[in-house]
Every structure is written in C-alpha cells, then in structure tokens.
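Everything on this sheet refers to the single structure shown next.
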Amino acid sequence: MFILPLVAILLGIEFSLVFNRVTHDYEEKLKANYSILVVSKRAISNEEFFSIDPQIADPKPIKKGSIAKEIAKNIGSVSTKEVLKSLPYFYTIHLSNYLSSEEVEHIRKKLLAYSYIKKVETFGESHSSKYNLFIFLKVIFWVFVSLISLVSIFLIIKQMEVWQMAHKERMQIMEVFGASVMLRSGVLFRMGIIDAIISTIISAGLFAGIKYKWADESGIDLLIEKKDILFTTQDLIMMIGVALVIVIIAVIIVTFSNREIRE
Amino acid sequence: MSNVISASNLTLAYDNGKKEVIKNANFQVKKGEFVFITGPSGSGKSTLLKSLYGAIKPTDGSLIVGGLDLNHISKRKLQELRSHMGIIFQDYKLINEWTVAKNVVLPLIIAGYSTDIQQTQAQKLLRHVKLTEQANRYPLELSGGEQQRVGVARALSKNPFLILADEPTGNLDEYSSSVIWDLMENACVQLGATVVVVTHRIPHIFNTPHRRLIIENRGIYEVH
Ligand SMILES: Nc1ncnc2c1ncn2[C@@H]1O[C@H](COP(=O)(O)OP(=O)(O)OP(=O)(O)O)[C@@H](O)[C@H]1O
Ligand SMILES: [Mg+2]
C-alpha cells in the first residue's frame with residue numbers, strides 16, 4: 001500500500017545520486033578542457049604559479065620550437081636559436097575548481113599584477129555560457145526532485161490515514177484484551193516491510209534495466225559512456241535502508257496514534 | 001473470600017475531571033460472585049466497567065482489581081491483567097477481517113499459544129456457543145445474536161478470573177440471550193470466575209437471586 005510513494009521517493013533519491021555523479025563527472029571534464037593562456041617574459045615555475053593563486057592547477061609550458069623554426073625560415077637572416085631567445089614564454093594553466101566568470105577574471109587580474117606576465121587570455125565567452133547552462137540544469141533538476149519528494153510525502157501521509165482507519169478497530173480490540181504494542185502492530189510492520197522490499201525491487205529493477213539494457217540502445221553518448229555510475233550496489237543498500245526507515249516511522253506513528261476504545 | 005474488586009471513595013470523570021460521573025463510591029466484589037449493575041441510561045454503568053479494565057483512570061479514590069491498584073499500574077501490568085479478563089461489549093467488537101474461529105481465540109493468540117491449541121480450543125468454544133458451522137465465516141456474515149455468542153466465546157476462551165460484560169444481550173433474540181446467560185452462569189459456578197454484568201433488564205432465567213448494584217445520582221448502592 002506504500003509502494004507507489006516509496007517507489008517515487010526511491011527513484012527521486014536514485015536519480016539525484018546518479019545526477020550528482022554525472023554532473024560531478026561533467027564538471028571534471030569542463031575543468032579539464034578549460035584552460036587559460038599565459039604569456040610571460042620569463043620562465044615561471046609550477047610553484048610560482050601555485051603561489052599566485054592556489055586554484056591554479058597543472059601549468060604546462062607550450063613548446064615553441066616549431067614556431068621559432070617557422071619564423072626563422074620566413075625571416076631568413078636569423079637563426080632559430082635567436083628567435084627562440086626573443087620569444088616570450090607561453091603557458092597553459094587549468095583551474096582546480098569550476099569557477100564563475102567573475103572568479104576567473106579575478107585570477108586573471110592577479111596574474112597580470114606581475115610585471116613579467118604580459119598577457120592572460122581566459123576565453124571568457126565560451127566559459128561563461130557553458131557554466132550558466134550547467135547551473136541552469138542543476139537548478140531545474142533539484143526543483144524537479146523536490147517536487148517529487150513533496151508529492152510522495154503527501155501520499156505517504158494519506159496512506160497512513162487510510163491505514164489508521166483500517167486498523168484502528170482491530171488494534172483497539174487487541175489492546176483491550178492485553179496485546180502488546182508489537183503484537184498489535186505486527187501485521188503493519190510485516191506489511192510495511194514487504195512494501196519496502198517490493199518498492200526497492202521495482203526501483204532497483206528500473207535502474208538496472210536502464211543500466212544494462214536501455215543505456216546501450218539509447219544511443220545517448222553520455223549514458224553509454226557513464227554506464228558504471230548509473231546504478232551501484234551501494235545504491236541498492238541505500239534504497240532498502242531508506243524504504244525501511246520510512247515504513248517503520250510510518251507504522252510507529254500509526255500504532256501510537258490509535259489509542260484506547262472510547263465510546 | 002478475597003475481593004476481586006475493591007473500590008473506595010471512587011470518583012470517575014471525563015473532560016479532565018470536570019464532568020464527574022461517579023463520586024465517592026464504595027463497593028466490593030468477592031471472588032466467584034455474579035453481580036448485576038443496573039441504573040438509568042447515562043448513569044455511568046459503562047464508565048464504571050471501563051474503569052475496571054483500566055480504560056479510564058479514577059480521578060480520585062482507589063480502585064483495586066485482581067490485587068492491582070489501577071491508579072498506579074504500569075502498561076505491562078495492565079496488559080497482563082487484561083489478558084486474564086474476559087470482556088464482552090454490547091456492540092460485540094469482533095475483528096471483522098478475521099474468521100469467527102480466529103476471533104474466538106484472540107486471547108490465546110495474545111498469550112502466544114500454539115496454533116494446535118488454538119484450533120482445538122476454538123472448536124470446543126464454538127460448540128459451546130452453538131456456532132460450529134460458522135467457524136470459517138466472517139463476523140459480518142453472522143446475525144447479531146451469533147456475533148455476540150462469538151464475543152462471549154472469546155471472553156471465556158482463556159478461563160478468565162474476571163468477566164466484565166456491558167449489556168451483553170442488549171437487543172438479542174431469546175435463544176442467543178439464554179445461551180449467553182447460561183455460559184456466564186456456568187463460568188461462574190463451575191470455573192469460579194467472578195462476573196460483573198451491566199444491564200438495565202435483569203433476565204428472569206436465574207433460579208438463584210444474584211447480587212445487584214445500582215448506580216444513582218453518581219453513587220453506587222446495594223439493591224436488596
Ligand atoms: N468519552 C466521554 N467523554 C465525555 N463524557 C462521556 C464520555 N462517555 C460517556 N460520557 C458521559 O458520561 C455519562 C455516563 O455515560 P455511560 O456511558 O457510562 O452511561 P451508561 O450508564 O452506560 O448509559 P447507557 O445505559 O445508556 O449505556 C453520560 O452522561 C455520558 O454522556
Ligand atoms: Mg452503557
């Protein structure tokens with residue numbers, strides 16, 4: 001009887017877990033793909049970069065040998081070595097967190113404060129549009145999950161009222177004949193636990209289906225690529241745990257709100 | 001003989017003591033007695049009976065049932081006491097989702113008896129109340145008189161030391177009424193149970209006169 005709302009809650013939780021994992025992954029990817037170009041008059045060590053801002057990660061010098069060769073060839077009168085000497089140092093740096101445009105701009109200013117750093121290119125446009133889309137998706141998703149949870153909790157409360165009505169008489173009669181709380185509500189616990197197990201099986205089955213069958217057929221790259229994070233054993237344990245906690249709380253509330261026979 | 005029920009200066013009230021139904025009443029019921037409680041409608045007969053199985057607590061005075069002070073009784077003790085009582089309600093209070101046979105052995109289920117004992121006891125009890133045929137039916141498929149016979153069988157199923165009945169034959173047919181009175185008389189005379197019956201119409205099927213108490217103007221008095 002609790003199955004429908006329980007399944008809704010379990011699916012909501014599982015969806016948010018998967019969503020978190022996917023977005024975390026996506027965030028990592030955005031981070032890895034996003035880089036800032038730094039042009040400097042002198043060589044900068046990794047430690048120097050980290051001391052400028054701790055969020056700077058993975059600085060890499062850009063090899064300029066081929067550029068120098070190309071320039072030397074075009075000019076003719078200078079050697080590659082001479083060109084190399086006069087060219088500034090180029091670095092790409094990454095960021096350890098996914099930052100907003102303002103924060104990126106802040107780091108850019110910090111870098112430019114050093115006189116030997118001539119230019120910092122942040123490719124601001126593409127960064128901020130991706131970031132905004134990302135935040136937008138996150139907000140939409142959380143609103144959706146919150147709504148589902150709200151409706152489910154409402155359904156569970158309704159269901160508890162139905163249970164209360166259906167079992168009130170029996171529990172009161174048993175109480176008059178001296179039955180303990182456990183004996184009176186044993187049936188409810190049994191039904192609740194069965195409901196919890198069934199809803200877990202349904203929810204887990206759905207995600208297992210998505211993971212092992214639908215993901216491959218869907219043709220959605222992200223799903224195929226990230227199949228592993230769709231559904232895990234820990235998720236299963238978490239689902240049954242959450243379902244049991246919900247039904248046990250519900251049964252306890254129903255049991256203790258059904259008091260003595262009053263005429 | 002010892003008292004099974006002993007009330008002194010007993011006051012029973014509703015609405016947090018504002019509505020007093022019984023005030024400063026004194027009475028005792030001895031072991032093995034069969035007592036009728038009468039009185040006008042609304043005088044507090046059902047209220048008194050409810051206090052005897054601990055559904056409402058005295059607001060004043062003391063009430064001792066089966067040697068236990070109902071003013072200061074733990075939940076566990078009250079459960080224990082109730083499991084040795086047989087309570088019969090005017091509106092039967094059967095569990096409609098259970099078969100007649102299962103209803104009859106509710107006290108045995110609560111006491112944790114094996115299903116074998118439950119079954120043999122159910123058969124025996126249903127024979128006594130002449131409902132052998134109806135064992136596997138559900139309460140709502142039975143007539144009022146039949147349902148009350150199930151209620152009486154249930155009350156007697158674990159040989160209670162105290163039987164409490166509230167208008168057990170309220171509006172039942174002659175046949176069911178006589179079966180019920182016979183069973184209660186029997187439990188009292190042969191099994192030594194103490195019986196307290198609330199009724200406003202004392203049946204005249206009894207040869208020996210029974211003790212009678214009347215509730216009037218919030219007091220409880222002996223009728224001679
Ligand atoms: N739960 C309650 N809350 C408040 N007042 C109550 C409650 N139950 C009964 N009463 C009142 O207590 C008084 C006694 O009620 P009780 O049911 O004990 O009477 P009774 O003698 O059994 O009557 P009857 O013969 O009609 O069954 C009545 O005035 C009744 O209205
Ligand atoms: Mg009454």
**Message:** From the list B:Gly219, B:Gly170, exactly one residue is of a type in the set (Gly, Ala, Ser) and within 16 Å of ligand 2 (Cβ to nearest atom). Which is it?
**Reply:** B:Gly170
**Asked** Consider B:Pro160 against the criteria (1) in a helix (DSSP H, G or I); (2) at pLDDT 95 or above; (3) farther than 28 Å from A:Ala166 by Cα: it satisfies all of them except one. Which criterion is unmet?
**Response** (1)
**Asked** If a residue has to be in a helix (DSSP H, G or I) and more than 21 Å from B:Asn159 (Cβ to Cβ) to count, how many in the range B:114-139 make the cut?
**Response** 3
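Tell me yes or no: at least one residue of the range B:169-179 is closer than 27 Å to B:Ile5 by Cα, within 16 Å of ligand 1 (Cβ to nearest atom), touching a residue at least 40 places away in the same chain (Cβ under 8 Å) and open to solvent by less than 50 Å² (accessible area, probe 1.4 Å). Walk me through it before giving the result.
Taking the range B:169-179 and keeping what is closer than 27 Å to B:Ile5 by Cα, we get B:169-170, B:177-179.
Then drop every residue that is not within 16 Å of ligand 1 (Cβ to nearest atom), which leaves B:169-170.
Restricting the remaining residues to those that are touching a residue at least 40 places away in the same chain (Cβ under 8 Å) gives B:170.
Next, only the ones that are open to solvent by less than 50 Å² (accessible area, probe 1.4 Å) stay: B:170.
So far as the range B:169-179 goes, yes, one or more of its residues are closer than 27 Å to B:Ile5 by Cα, within 16 Å of ligand 1 (Cβ to nearest atom), touching a residue at least 40 places away in the same chain (Cβ under 8 Å) and open to solvent by less than 50 Å² (accessible area, probe 1.4 Å).
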**Request:** Considering every residue within the range A:177-200, establish whether at least one is touching a residue at least 60 places away in the same chain (Cβ under 8 Å), in contact with a Ser or Thr (Cβ under 7 Å, 6 or more places away or on another chain) and hydroxyl-bearing (Ser, Thr, Tyr).
**Result:** yes
**Request:** Name the strands (runs of 3 or more DSSP E) wholly inside the range A:1-103 in which the number of residues that are touching a Lys or Arg at 6+ places or on another chain (Cβ under 8 Å) and among the hydroxyl-bearing types (Ser, Thr, Tyr) is 2 or more.
**Result:** A:89-95
**Request:** Return yes or no: is A:Ser146 modelled with pLDDT under 80 and assigned to a helix (DSSP H, G or I)?
**Result:** no
**Prompt:** Among (1) more than 12 Å from chain A (Cβ to nearest Cβ); (2) in contact with a Gly (Cβ under 9 Å, 6 or more places away or on another chain), which single condition is B:Val100 missing?
**Reply:** (2)
**Complete:** Subset of the range A:165-189, residues more than 9 Å from chain B (Cβ to nearest Cβ) and surrounded by fewer than 16 Cβ atoms within 10 Å (Cβ to Cβ), comes to A:Met165, A:Lys168, A:Met182, A:Gly186, A:Val187, A:Phe189
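Keeping to the range B:117-155, report how many residues are under 20 Å from B:Gly54 (Cβ atoms) and away from ligand 2 (no atom under 16 Å from the Cβ). Outline the logic, then answer.
Step one: list which residues in the range B:117-155 are under 20 Å from B:Gly54 (Cβ atoms), which gives B:151, B:154-155.
Then keep just the ones that are away from ligand 2 (no atom under 16 Å from the Cβ); that gives B:154-155.
Counting residues in the range B:117-155 that are under 20 Å from B:Gly54 (Cβ atoms) and away from ligand 2 (no atom under 16 Å from the Cβ) gives 2.
Would you please name the residue that is nearest to the chain's Cα centre (by Cα), looking only at residues in the range B:86-97 that are open to solvent by less than 30 Å² (accessible area, probe 1.4 Å) and at the interface with chain A (Cβ under 8 Å from one of its Cβ atoms)? Give the steps one after another, and end with the answer.
So the first thing to find is which residues in the range B:86-97 are open to solvent by less than 30 Å² (accessible area, probe 1.4 Å), and the list is B:86-89, B:93-95.
Narrowing the set further to residues that are at the interface with chain A (Cβ under 8 Å from one of its Cβ atoms) leaves B:87, B:93-95.
On the way: B:Ile87: 3, B:Lys93: 12, B:Leu94: 14, B:Ile95: 17 Å.
Among residues in the range B:86-97 that are open to solvent by less than 30 Å² (accessible area, probe 1.4 Å) and at the interface with chain A (Cβ under 8 Å from one of its Cβ atoms), the one nearest to the chain's Cα centre (by Cα) is B:Ile87.
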**Message:** For the range B:14-26, which positions are in contact (Cβ under 8 Å) with a residue 12 or more places away in the chain, open to solvent by 10 Å² or more (accessible area, probe 1.4 Å) and more than 16 Å from ligand 2 (Cβ to nearest atom)?
**Reply:** B:Gly17, B:Glu20, B:Lys23, B:Asn24, B:Asn26
**Request:** Evaluate the range B:144-153: report whether one residue or more is open to solvent by 90 Å² or more (accessible area, probe 1.4 Å), part of a helix (DSSP H, G or I), more than 16 Å from ligand 1 (Cβ to nearest atom) and more than 14 Å from every other protein chain (Cβ to nearest Cβ).
**Result:** no
**Asked** Taking the stated definitions as given, is A:Val143 open to solvent by 60 Å² or more (accessible area, probe 1.4 Å) and closer than 23 Å to A:Thr23 by Cα?
**Response** yes
**Message:** Looking at A:Gly205 and the list (1) closer than 19 Å to A:Leu10 by Cα; (2) surrounded by 13 or more Cβ atoms within 10 Å (Cβ to Cβ), which single condition is not satisfied?
**Reply:** (2)
**Request:** Among the residues of the range B:41-56, write down those that are buried (at least 21 other Cβ atoms within 10 Å of the Cβ), within 9 Å of ligand 2 (Cβ to nearest atom) and at positive phi.
**Result:** B:Gly44
**Message:** Which pairs turn up if I take residues in the range B:41-62 that are within 12 Å of chain A (Cβ to nearest Cβ) and over 19 Å from B:Thr194 (Cβ atoms) and look for partners that are of a type in the set (S, T, N, Q) and within 7 Å of ligand 1 (Cβ to nearest atom) with beta carbon separation below 9 Å, at least 6 apart in sequence or on another chain?
**Reply:** B:Ile56/B:Thr47
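One line per residue, one yes/no per condition, for (1) of a type in the set (Ser, Thr, Tyr); (2) crowded, with 16+ Cβ neighbours inside 10 Å; (3) within 21 Å of A:Phe231 (Cβ to Cβ):
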site	(1), (2), (3)
A:Val18	no, yes, yes
A:Asp25	no, no, yes
A:Tyr34	yes, yes, no
A:Leu37	no, no, no
A:Lys41	no, no, no
A:Ser45	yes, no, no
A:Phe49	no, yes, no
A:Pro54	no, no, no
A:Pro59	no, yes, no
**Asked** Name the pairs: first residue in the range B:203-224 and in a strand (DSSP E or B), second residue at pLDDT below 90, Cβ to Cβ under 9 Å, at least 6 apart or on different chains?
**Response** B:Arg211/B:Val223; B:Arg212/B:Ile202; B:Arg212/B:Val223; B:Arg212/B:His224; B:Leu213/B:Val223; B:Ile214/B:Val223
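Taking only the range A:208-223 into account, find how many residues are in a helix (DSSP H, G or I) and open to solvent by 70 Å² or more (accessible area, probe 1.4 Å). Give the steps one after another, and end with the answer.
Filtering the range A:208-223 for residues in a helix (DSSP H, G or I) gives A:208-218, A:221-223.
Still in the list and also open to solvent by 70 Å² or more (accessible area, probe 1.4 Å): A:212-214, A:216-217, A:221-222.
Qualifying residue count for the region: 7.
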**From the options A:Leu133, A:Leu137, residue that is hydrophobic (A, V, I, L, M, F, W, C), farther than 30 Å from A:Ala68 by Cα and in contact (Cβ under 8 Å) with a residue 60 or more places away in the chain** = A:Leu137
**Prompt:** Which one of these does B:Lys31 not meet: (1) within 14 Å of chain A (Cβ to nearest Cβ); (2) open to solvent by 20 Å² or more (accessible area, probe 1.4 Å)?
**Reply:** (1)
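The values are calculated or read from the model by the stated rules, or taken from the named source; none is laboratory data. Only a predicted model underlies this, so the values are computations on that prediction, with no experimental measurement involved. Please note: Cβ atoms are built from the backbone with ideal geometry, for glycine as well, and neighbour counts cover all protein chains shown. Just so you know, the surface numbers come from the protein's heavy atoms only, side chains and all, with ligands and any DNA or RNA stripped out. Shrake-Rupley method; radii C 1.70, N 1.55, O 1.52, S 1.80 Å.
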